[in-house]
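Step one of this worksheet: look at the structure below.
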Amino acid sequence: MDFRIRIPKIRVVPPPEERLRSLTYGADQAEAWAERARSRAEPVFEKLLSLRTRLATTAVALIAIWLFVHVVLGANGMVVYRTKRAEYQAVQKQISRLQKENGQYSEQIDQLKTDPKRIEKEAREQFHYARPGEVVYVAPDPAPPPQQPATNSASK
């Protein structure tokens, strides 16, 4: 075990004249360092200032190009908009066609419910009904075309 007592070092504060001297010496060094840094950075800043219009124009052009690409090809861009609009128009045409067809079917249903001539016509066509003294001729169903053999060896 270590039973030694540690005593902190006592710091001696220099007199005010010496502190002022060290402060001015440090200030001189800081001014010299700042002057060196400014002299190194000054040509770079001058070049940047002379190129700022070119840089700004290039940045604006890049932003405009990116915006154009985003508007045309983006997730909700013009290409997608046009395809969606074409799909919408196709669906609208299909809806109008189906509504027209639905109207025709509704008209046929109304005629079949109320018009006796229409009811008689449908009965004659579908069920081959005839009035007394009439003869009904029914054509046979067309025969399917003969199938050709799969290989030429069977036809020889």
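In this entry, Ile119 is excluded by the filter for residues that are β-branched (Val, Ile, Thr), surrounded by 10 or more Cβ atoms within 10 Å (Cβ to Cβ) and modelled with pLDDT of 90 or more. With the condition kept exactly as written, say whether any residue in region 14-32 is farther than 30 Å from Glu122 by Cβ, part of a loop (DSSP other than H, G, I, E, B) and either out of contact with any helix residue (DSSP H, G or I) (no Cβ under 7 Å at 6 or more places or on another chain) or outside the structural domain of Lys121 (by TED's automatic domain parsing) (or both). Looking for residues that are farther than 30 Å from Glu122 by Cβ, part of a loop (DSSP other than H, G, I, E, B) and either out of contact with any helix residue (DSSP H, G or I) (no Cβ under 7 Å at 6 or more places or on another chain) or outside the structural domain of Lys121 (by TED's automatic domain parsing) (or both), one finds at least one in region 14-32, hence yes.
Could you list, in sequence order, all residues of region 33-56 that are of a type in the set (Asp, Glu) and modelled with pLDDT under 90? Before the answer, list the steps.
Start the filter on region 33-56 by keeping residues that are of a type in the set (Asp, Glu), which leaves 35, 42, 46.
Of everything in region 33-56, just one residue is of a type in the set (Asp, Glu) and modelled with pLDDT under 90, namely Glu46.
Can you find, within region 7-32, the residue that is modelled with the highest pLDDT among those that are of a type in the set (A, V, I, L, M, F, W, C) and over 60 Å from the mean Cα position of the chain (by Cα)? First the steps, then the outcome.
If we filter region 7-32 for residues that are of a type in the set (A, V, I, L, M, F, W, C), which is where we start, we get 7, 10, 12-13, 20, 23, 27, 30, 32.
Now restrict to residues that are over 60 Å from the mean Cα position of the chain (by Cα): 7, 10, 12-13, 20, 23, 27.
Numbers: Ile7: 75, Ile10: 75, Val12: 74, Val13: 76, Leu20: 78, Leu23: 75, Ala27: 82.
In this case the residue turns out to be Ala27.
A single member of Tyr81, Tyr88 is part of a helix (DSSP H, G or I), under 41 Å from the mean Cα position of the chain (by Cα), modelled with pLDDT under 90 and in the same structural domain as Gln126 (by TED's automatic domain parsing), and it is Tyr81.
Condition test on Ser106, is it under 30 Å from Glu122 (Cα atoms) and either of a type outside the set (S, T, N, Q) or assigned to a helix (DSSP H, G or I) (or both)? If you could, list the steps in order and put the result at the bottom.
Numbers: under 30 Å from Glu122 (Cα atoms): yes; either of a type outside the set (S, T, N, Q) or assigned to a helix (DSSP H, G or I) (or both): yes.
The answer is yes for Ser106.
The values are calculated or read from the model by the stated rules, or taken from the named source; none is laboratory data. Everything numeric in this text was worked out from a predicted model, so none of it was measured. All Cβ positions, glycine included, derive from the backbone under ideal geometry; neighbour counts span all protein chains shown.
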